[in-house]
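FYI, it's all coordinate maths here, none of it is from the lab. Model, not experiment: these values are computed from the prediction. Reconstructed Cβ throughout: ideal geometry from the backbone, glycine too, with neighbour counts over all protein chains shown.
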Amino acid sequence: MSATSGVRPTKGYLMETKRRIQTVERGTEFLKLKRDQLAKDLTESLDVLKGRRGLLMNNLQEAYGALTAAYLSLGPMEVQSQTRSIKNTLELEVLPRSVMGVIYPSVRIKEKPEIAAELDITLAFAAEKVYEIIEELIRLAEFEERVSRIAEELGSTSRKVNALENMVIPDMKYIIKFIEDKLDEESMEELVRMKLIGGAKSSQK
């Protein structure tokens, strides 16, 4: 369908279209700023995510080494006996956070397991490393969801900007030119008509 289909070539319609295109262009500039900020946030979040994944791998290696040392030092039966004294309560609170209008879940650790003072030092160190892994997994999941939602919003915003810049605004500019040309044509026809009428009246005198 033509962009000028249903267009009324009047001065009122022309003024209204010009007001609309100004609003659309301002909205497009805002969306471009949002797109650029989302791209920046996405890059930063990916860097953080990469760092957290590296930290998790380091913690896994340390935890494995600590657990191995505890089993070799105490034996499986003693390790199982002592770990029963650990209070394994882990309470989380999930809160919404927002970046440029993108809402993602943020996890807060309200309560974490307590390591009993009577634990063997090697086992206590291993337990601490395991809890660090749990906390890092929570943070990793949070950032992965953040990255996913920012990337989704970035894609949506980019598509809107492309549609506005490549379709909506060009169509509106075409409509404005179409109306202006029509009005100029009508003005020229009216001018010619008035001259003809004026010339006819002069010849009758």
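The stretch 130-152 and the stretch 169-184 have Cα centres lying 51 Å from one another. Most fluctuating residue of Ile121, Ile175, Ile103 in a GNM of the chain with Cα springs under 10 Å: which is it? The residue that fluctuates most here is Ile121. Extension gain, Glu128 to Met77: 0.36 nm times the residue separation minus the Cα-Cα distance gives 16.4 nm.
Simple rule: put +1 on each Lys or Arg Cβ and -1 on each Asp or Glu Cβ in the chain, find the dipole, and look at Ser106, Leu123, Gly65; the Cα lying farthest toward the positive end is Ser106.
Here Lys129 is the anchor, and the aspartates and glutamates within straight C-alpha reach of less than 16 Å, apart from those fewer than 8 places off in the same chain, are Glu62, Glu114, Asp120.
For the chain, a simple Cβ point-charge model (Lys and Arg +1, Asp and Glu -1, everything else neutral) yields a dipole of about 1640 debye relative to the Cα centre.
Each principal axis of the Cα cloud of the stretch 11-199 was evaluated for its coordinate range; sorted largest first, these ranges are 118, 25, 17 Å.
When the listed pairs Lys160/Lys182; Lys40/Lys112; Lys32/Lys173; Lys11/Lys173 are checked against a 24 Å cut-off, the alpha-carbon distance exceeds it for Lys160/Lys182; Lys40/Lys112.
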